[in-house]
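Following: one structure in structure tokens, then a few remarks.
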Amino acid sequence: MSAKSHTNGPDESADDGVELGGQFDSDQIAAETAAAAEAADAATPADGSASADAGDVQQELAAARDRALRLQAEMENLRGRTSRELADTHRYAALPVVRDLLPVLDNIDRAIEAAEKDDSAGNLLDGFRLVRQQLLTILSQHKCEEIAAEGEPFDPQFHEAILQQPSDDVPAGHVTMVTQTGYRMHDRVVRPSQVIVSSGPGG
């Protein structure tokens, strides 16, 4: 039985998948073993003496047991794979929503930056900051956090370089500026940080 022969629906639990797989496993193994045992009984005379084809029956029984063990191992692999897939689905369930929220957070940051240049936007600025903090709290509850970038060594796994320029203050290969904040959820990158990378001191 291949892994494609049994999959869980979106609203089934990992336990249901294991229970169904285990039922099929038990039935198949029982059928294999019972068939071989019946063949062995049929080939054995009433007086208990060995029949001419007793060796063939024993080979068939051993083959049935081998098939049953192989089937059991395959079912165990399927259970483990299904369990891991369901765990990942649950772990990253909020990922699409988080991706949709990040552009909203970007726009709020731009609004805060513009309001900071306007002396008459005090109350508006406070409101933007409050909304921003609420969004960050929601992201944090879903284990989504900012990716550290400024001053860090450039890491292509977490950073996306959009420019390289000389810097007397930042060592070569390190991030001098972040143009767009990146985020990750658990160990998965939601969006890499867009950064400018230092090429070292200028000439």
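Taking other residues whose beta carbon is less than 15 angstrom from the beta carbon of Ser199, and scoring Lys, Arg as +1 and Asp, Glu as -1, yields -2. Per the Debye formula on identical point scatterers at the alpha carbon atoms of the range 161-203, with no solvent, log10 I(q)/I(0) at q = 0.21, 0.25, 0.32 Å⁻¹ is -0.64, -0.77, -0.99. Across the range 134-142, coupling constants 3J(HN,Hα) worked out from phi with the 6.51/-1.76/1.60 Karplus curve, θ = phi - 60°, read 5, 5, 5, 5, 5, 4, 5, 4, 9 Hz, and Gly and Pro carry x. Taking 0.36 nm per residue of separation and subtracting the current Cα-Cα distance, fully stretching the chain between Arg84 and Asp119 would add 7.2 nm. Residues in the range 160-177 carry Karplus couplings, in order, of 10, 7, 10, 6, 10, 9, x, 8, 7, 9, 10, x, 4, x, 10, 7, 8, 8 Hz; the curve used is 6.51 cos²θ - 1.76 cosθ + 1.60 with θ = phi - 60°, and Gly or Pro positions show x. Label zone of Ala172 (point 7 Å out along Cα→Cβ, amide N under 19 Å): in the range 140-156 this covers 151-156.
What the phi angles of the range 60-74 give under the Karplus curve with 6.51, -1.76 and 1.60, with θ = phi - 60°, is a coupling list of 5, 5, 5, 5, 5, 5, 5, 5, 5, 5, 5, 5, 4, 5, 5 Hz, glycine and proline written as x. Taking Cβ atoms as reference points and 12 Å as the exclusive limit, the residues near Tyr92 contribute a net charge of +2, counting Lys and Arg as +1 and Asp and Glu as -1. Amide H contacts of Glu160: Ser193, Gln194, Val195, each under 5 Å away and 5 or more positions distant or on a separate chain (H built 1.01 Å from N in the peptide plane; Pro and chain starts excluded).
Just so you know, all these numbers are worked out from the coordinates, no wet-lab data involved. Model, not experiment: these values are computed from the prediction. Backbone-built Cβ (ideal geometry, glycine too); neighbour counts: all protein chains shown.
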